[in-house]
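Written below as structure tokens is the structure these notes are about.
The values are calculated or read from the model by the stated rules, or taken from the named source; none is laboratory data. Quick caveat: nothing in here was measured; it's all calculated off a predicted structure. With ideal geometry, Cβ positions are generated from the backbone for all residues, glycine too; neighbour counts draw on all protein chains shown. Just the protein is used for accessible areas: all its heavy atoms, side chains included, with ligands, DNA and RNA removed. Shrake-Rupley method; radii C 1.70, N 1.55, O 1.52, S 1.80 Å.
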Amino acid sequence: MKKFFVSLVILVSMGRSARAQQADAQLIDAPQPAANDAANERAAMELGMPPRAWSTAWMLSAPEGQQAAKKTKAENGPPKPIKPRPIDPSMVGYIDDAAVGNQVRVRFDAGFNTPRPDRAEYFYAGSTLPDPSTTAVQRTLNFQQLYVSGEYAPFKTFSAFVMLPFRWIEPFFISAPGKSPDLFSGGGVSDVQAGVKFAALETNETRVTLQLKADFPTGNGALGFGTNHYSVEPMVLLYQKLNDRTALEGEAGDSHPIGGTYFINPPATPQKWSADVAMYGLGPSYRLISRDRYSFAPVLELVAWHVFGGLQTGANSVVQSAAGINVFNAKLGGRLSLANDSSIYAGYGRGITSDIWYRNLFRVEYRKAF
């Protein structure tokens, strides 16, 4: 009897071992993930499995790491593309900004030694008649100007802006017996500016913007606060990123007067004070300091103007042609950019050529982007 039970135990063990080996063989021969569903279906039918059972068999036999990877991929979906880094903000202080967006600016200028402020009626209006013999000769003029501007972009590539200026002037005259000045120190609203911008080209390194600006004669030209005529200024603005720290900005355009004052001095033919004035400039900048919360970039701006015609008051109050005059200025400054999308610019500009708009100009600007 004892031998019978021993034999029975051996037989049962052998049966279990055979069944385990058979299961292992079936697991090894089970279909693995194929390149497509059709191949998996054929493999399942050869093993006598119902349609789509191959996927269940594979998931049951696959290692836990593979199942977790499939689950994670299904939950997260396809990988998201990396967004390009936005282009850096403008660093210039005198050249018009090529950026299109929502922003406000507060700017203050202090200009000194402006000997020909009526040239082509670019700064203020000229006179209709020759000065009387009792009028003192104006030697130069100092001015200050406060601008408040806002820009709104309903679309990524289009914006509209408006600028409200307030001007103070301080004219200087050559003293002479029996002569008195015809212009006095004071302040008032200057010519309001408004316009639109269109981003014609924008990449991670380059921005080309078309700008159209209009000047409205809201300032009193007789008091030295405006030009007494409308004008339009089409311009092309450029921002070119050269590397992580260096950029080049530029502008090119023309100020075209609509209307203007006529100088009448019989028997000569009446002549118009206003005329087209072309302007162009380049401004390289270098981000000298770059931190998480702030950065600082010095910038050098070289700006020039060409006067195509019009008049100006020359020496001894003699009215003369302004055609062909070229003006060149160099402007050195720096912009401190903060992490809250605001920045502060401070700079100094100086007239280099013999013909100047002003000899010295100081500018401070606060800019906030939204």
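Can you tally the net charge around THR135? Count Lys and Arg as +1, Asp and Glu as -1, for every other residue whose Cβ sits under 11 Å from the Cβ of THR135. Mind dumping the intermediate values first?
Working: positive: LYS179; negative: ASP131, ASP182.
Neighbourhood net charge equals -1.
Taking the Cα atoms of the stretch 161-265, what is the range of coordinates along each of the three principal axes, in descending order and whole Å?
Each principal axis gives a Cα extent; for the stretch 161-265 these are 65, 31, 26 Å.
Please grab the % of Cα pairs in the stretch 202-257 that end up more than 17 Å from each other.
Of all Cα-Cα pairs in the stretch 202-257, 54 percent lie more than 17 Å apart.
Rounded to the nearest 5, what % of the DSSP beta bridges within the stretch 78-180 are antiparallel ones?
Expressed as a percentage, antiparallel bridges in the stretch 78-180 total about 95.
Report the percentage of all Cα-Cα pairs in the stretch 105-220 whose separation exceeds 18 Å, rounded to a whole percent.
Cα-Cα pairs in the stretch 105-220 separated by more than 18 Å: 63 percent.
Checking a compactness column here: for the stretch 239-315, what do you get for Rg(Cα) / (2.2 N^0.38 Å), N being the number of residues?
In units of the globular-protein estimate, the stretch 239-315 measures up at 1.80.
Just by accessible area at a 1.4 angstrom probe, what is the order of ARG293, ARG139 from largest to smallest? Walk me through the numbers on the way to the answer.
Values: ARG293 185, ARG139 130 Å².
The most accessible residue leads, giving ARG293, ARG139.
Treating only the Cβ of Lys, Arg, Asp and Glu as charged (+1, +1, -1, -1), what charge dipole size does the stretch 83-181 show about its Cα centre? Round to the nearest 20 debye.
180 debye
Where the Cα atoms of the stretch 218-370 are projected onto their three principal axes, how long is each span, largest first, in whole Å?
In descending order, the Cα extents are 69, 31, 27 Å.
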